[in-house]
There are 2 protein chains.
Amino acid sequence: MPFQHTAIVGLGLLGGSLALDLRAHVPEMRITGIARREATRVEAQGLAIDGRPVFTALAAELDAAREADLIVLCTPVQTIIAQLAVLATIAAPGTVITDVGSTKRTVMNAAATVLPQGTFFIGGHPMAGSEKTGLSQARRDLYRGATWALCVPPGAEEAAARLAALVTTLGARPLTLDADSHDALVALTSHLPHVLAAALANVTLGSTYDDLVLPFIAGGFRDGTRVAAGSPEMWRDILLTNRDQALRALQALQTELEGWRVAIQGGDAALLEALLTAAKVRRDHVPSPAVALASDE
Amino acid sequence: MPFQHTAIVGLGLLGGSLALDLRAHVPEMRITGIARREATRVEAQGLAIDGRPVFTALAAELDAAREADLIVLCTPVQTIIAQLAVLATIAAPGTVITDVGSTKRTVMNAAATVLPQGTFFIGGHPMAGSEKTGLSQARRDLYRGATWALCVPPGAEEAAARLAALVTTLGARPLTLDADSHDALVALTSHLPHVLAAALANVTLGSTYDDLVLPFIAGGFRDGTRVAAGSPEMWRDILLTNRDQALRALQALQTELEGWRVAIQGGDAALLEALLTAAKVRRDHVPSPAVALASDE
């Protein structure tokens, strides 16, 4: 049976975009928005699609999620974990709870520990987002074409099928995998790129050349550091809840870079060309955004 | 006196775009295009702006540059150096020679060594380009808003002023600085980003997860590795002709990354947040592409 009442907890870019998509694609859905800040609720109150309000109800407290048959936690990972403990005292039997957090093992473990029998937790992570955050950045079709990872505990298969059907309705591509694999993969495809973007911003923009640096900045640096403008708190939590895999990815990158250093220092043309060619061949195989519309993390 | 006859040597993305801009902005300019490959010359023959052919003449050999009062070398850096030796036997007194190569010390040294008295060499480097190469990618206004670095040897000031006036006509922003500073700056703003993009592509796409990696790729990785699709030969030459500064930039990055590794391994939330915040503050200060239209490299 499709979900009839979704409570979205956290109305930022991801929660807000989800609400817009639900109202657009499942017009009869009851949608309760939960946001602690009053300014956010006021902004959410004004959201409409084709003249119809996006939210059926808005509230400040998690208690408002009590009657929902689907609760989606769209808050930072550490907040998700805290909110799961509160939901454990609220959610009715049969409720499906999911999240959009960027790491999955910590969240899955917390859910397994605190949630009562009879509720179903599916870990979720849509590969969509932006370095721009907040409800004002929310938009329809943010999830179109994006992989939506689902981590399904034993016994939650039917709930996961219902959730997969819903995200498919929004144009996303559900992909079920275990939390270990998820966290290892996003360490490579999302967390490592973020660390590199931030480290590059720090080295280049923090150099002693000061004002002379900006005129020499072009597309490669601009694109390579774009995500470094993202929320420091969110990324701190992501790295801390995926420490071992982020570390493993970073160490692999450090080893790779040491190979480049040796090649440059030694003036080894053949090795440099081999490294550059391997990268080009690999990068040329990545489908263009026209095919995979997903934006960032 | 403005230049009346420009010879463009090498009709790829940069040379082709320069020709289009010259024809558009300086309609009376004689433009001789020099390209070794016949297919390129045939393609160049077909280029027109407002019904007028872009090239006045096309040729395979450098000798065709003999009558130009401005010769622009738009070939890879190592080729530029070889071509300077040939031009030394061809260029008439008073001829101004420049280039668009990505590193400047090696080129300036070669020019100072081989060119005869009476010719003027100005090192040039427009901060524009793309990972997509070749004449088919050439476009008008590629240089609009881009910094165009000029390295001016003693005695070439008047020639440099004429060249600066010309690139200003194309919408670029001439910036005169010494070759040492140029090479140090582009190591940080262009060469280091390229090495990181390529290293990231190698680590993430070369991981053992194979087919599972692609569904998890989103905007951060895509943008962070875009330039890795560039020409391996061109980037090999860039790194080899700027070895010491590329090495210095890479080592600074390695030191920075080691700080991140320690912070992640130790679960140091405060240090991680400080590193992420520093990067965000710095990245937020970079003007958006709407302001600085320059593309890559």
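The values are calculated or read from the model by the stated rules, or taken from the named source; none is laboratory data. Worth saying up front: this structure is predicted, and the values here are computed from it rather than measured. Backbone-built Cβ (ideal geometry, glycine too); neighbour counts: all protein chains shown. Note: accessible area is taken over every heavy atom of the protein model, side chains too, but ligands, DNA and RNA are not part of it. Shrake-Rupley method; radii C 1.70, N 1.55, O 1.52, S 1.80 Å.
Among the residues here, A:Arg30 does not qualify as closer than 26 Å to A:Ala92 by Cβ, within 22 Å of the chain's Cα centre (by Cα) and of a type in the set (Lys, Arg).
Exactly one residue out of A:Ser130, A:Ser136 is assigned to a loop (DSSP other than H, G, I, E, B) and either within 11 Å of chain B (Cβ to nearest Cβ) or polar (S, T, N, Q) (or both), and it is A:Ser130.
The set of residues in segment A:264-280 being more than 7 Å from chain B (Cβ to nearest Cβ), surrounded by fewer than 16 Cβ atoms within 10 Å (Cβ to Cβ) and assigned to a helix (DSSP H, G or I) consists of A:Ala270, A:Ala274. Could you pull out every one of the helices (runs of 4 or more DSSP H) wholly within segment A:173-263 that has 3 or more residues that are in contact with a Pro (Cβ under 7 Å, 6 or more places away or on another chain) and buried (at least 17 other Cβ atoms within 10 Å of the Cβ)? By residue number, A:219-225.
B:Thr79 meets the conditions (1) among the polar types (S, T, N, Q); (2) assigned to a helix (DSSP H, G or I); (3) open to solvent by less than 40 Å² (accessible area, probe 1.4 Å) in every case but one. The failed one is (3).
For segment B:2-10, state whether one or more residues are closer than 23 Å to B:Ala159 by Cα, at pLDDT below 95 and more than 22 Å from the chain's Cα centre (by Cα). Checking segment B:2-10: at least one residue is closer than 23 Å to B:Ala159 by Cα, at pLDDT below 95 and more than 22 Å from the chain's Cα centre (by Cα).
Among the residues making up segment B:31-51, those that are assigned to a helix (DSSP H, G or I), open to solvent by 40 Å² or more (accessible area, probe 1.4 Å) and not charged (D, E, K, R) are B:Ala39, B:Val42, B:Gln45.
Filter segment A:147-162 for residues that are outside any helix (DSSP H, G or I) and more than 14 Å from every other protein chain (Cβ to nearest Cβ); which is most open to solvent (accessible area, probe 1.4 Å)?
Of the residues in segment A:147-162, the ones outside any helix (DSSP H, G or I) are A:147-156.
Cutting the leftovers down to more than 14 Å from every other protein chain (Cβ to nearest Cβ) gives us A:152-156.
Working: A:Val152: 45, A:Pro153: 40, A:Pro154: 126, A:Gly155: 56, A:Ala156: 5 Å².
Going through the qualifying residues, I end up with A:Pro154.
Evaluate the following for B:Leu170: is it touching a Ser or Thr at 6+ places or on another chain (Cβ under 6 Å), closer than 26 Å to B:Ser231 by Cβ and at pLDDT 95 or above? Considered against the rule, which asks whether it is touching a Ser or Thr at 6+ places or on another chain (Cβ under 6 Å), closer than 26 Å to B:Ser231 by Cβ and at pLDDT 95 or above, B:Leu170 comes out as no.
Results for (1) touching a residue at least 24 places away in the same chain (Cβ under 8 Å); (2) surrounded by 15 or more Cβ atoms within 10 Å (Cβ to Cβ); (3) small (Gly, Ala, Ser), shown as yes or no for each residue.
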position	(1), (2), (3)
B:Met1	yes, no, no
B:Leu20	yes, yes, no
B:Met29	yes, yes, no
B:Leu58	yes, yes, no
B:Asp63	yes, no, no
B:Ala68	yes, yes, yes
B:Val72	yes, yes, no
B:Pro116	yes, no, no
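Checked against the criterion of being assigned to a helix (DSSP H, G or I), free of Cβ contacts under 8 Å to residues at least 40 places away in the same chain and over 25 Å from B:Leu177 (Cβ atoms), segment B:90-107 contains not a single residue that satisfies it.
Which one of these is of a type in the set (S, T, N, Q), under 30 Å from A:Gly145 (Cβ atoms) and within 7 Å of chain B (Cβ to nearest Cβ): A:Ser231, A:Ser190, A:Ser288, A:Ser207? Break it down stepwise before answering.
Working: A:Ser231 fails: within 7 Å of chain B (Cβ to nearest Cβ); A:Ser288 fails: within 7 Å of chain B (Cβ to nearest Cβ); A:Ser207 fails: under 30 Å from A:Gly145 (Cβ atoms).
That would be A:Ser190, the only listed residue that is of a type in the set (S, T, N, Q), under 30 Å from A:Gly145 (Cβ atoms) and within 7 Å of chain B (Cβ to nearest Cβ).
Among residues of segment B:82-94 being surrounded by fewer than 19 Cβ atoms within 10 Å (Cβ to Cβ) and not β-branched (Val, Ile, Thr), the one that is nearest to B:Leu150 (Cα to Cα) is B:Gly94.
Quick check on segment A:199-229: of everything there that is among the hydroxyl-bearing types (Ser, Thr, Tyr) and farther than 26 Å from B:Ser231 by Cα, which residue is nearest to the chain's Cα centre (by Cα)? Talk me through it step by step, then tell me what you get.
Kept after step one, since they are among the hydroxyl-bearing types (Ser, Thr, Tyr), are these residues of segment A:199-229: A:204, A:207-209, A:225.
Remaining after also requiring farther than 26 Å from B:Ser231 by Cα: A:207-209.
Details: A:Ser207: 31, A:Thr208: 35, A:Tyr209: 35 Å.
Selected residue: A:Ser207.
I'd like to know if segment A:234-248 contains one or more residues that are more than 7 Å from chain B (Cβ to nearest Cβ) and over 29 Å from the mean Cα position of the chain (by Cα). Quick ask: steps written out before the conclusion?
The initial filter retains those residues of segment A:234-248 that are more than 7 Å from chain B (Cβ to nearest Cβ), namely A:234, A:237-238, A:241-242, A:244-245, A:248.
Imposing the further condition that a residue be over 29 Å from the mean Cα position of the chain (by Cα) reduces the set to none.
For segment A:234-248, residues more than 7 Å from chain B (Cβ to nearest Cβ) and over 29 Å from the mean Cα position of the chain (by Cα): absent.
Looking at A:Val72, is it outside any loop (DSSP other than H, G, I, E, B) and out of contact with any strand residue (DSSP E or B) (no Cβ under 8 Å at 6 or more places or on another chain)? Spelling it out, it is not the case that A:Val72 is outside any loop (DSSP other than H, G, I, E, B) and out of contact with any strand residue (DSSP E or B) (no Cβ under 8 Å at 6 or more places or on another chain). Against the conditions (1) facing chain B (nearest Cβ under 10 Å); (2) assigned to a helix (DSSP H, G or I); (3) modelled with pLDDT of 95 or more, where does A:Ala165 fall short? Just the number, please. Failing condition for A:Ala165: (1).
Residue count for segment A:52-105 under the criterion of being closer than 30 Å to A:Leu239 by Cβ and among the small types (Gly, Ala, Ser): the result is 8.
Against the list (1) more than 16 Å from the chain's Cα centre (by Cα); (2) under 30 Å from A:Gly134 (Cβ atoms); (3) not β-branched (Val, Ile, Thr), the condition A:Ala269 fails is (2).
Of the residues in segment B:120-146, how many are farther than 23 Å from B:Leu175 by Cα and open to solvent by 40 Å² or more (accessible area, probe 1.4 Å)? Reasoning before the result, please.
Just the residues of segment B:120-146 that are farther than 23 Å from B:Leu175 by Cα, to begin with: B:131-138.
In the following step, the residues that additionally are open to solvent by 40 Å² or more (accessible area, probe 1.4 Å) were identified as B:132-133, B:136-137.
Qualifying residue count, segment B:120-146: 4.
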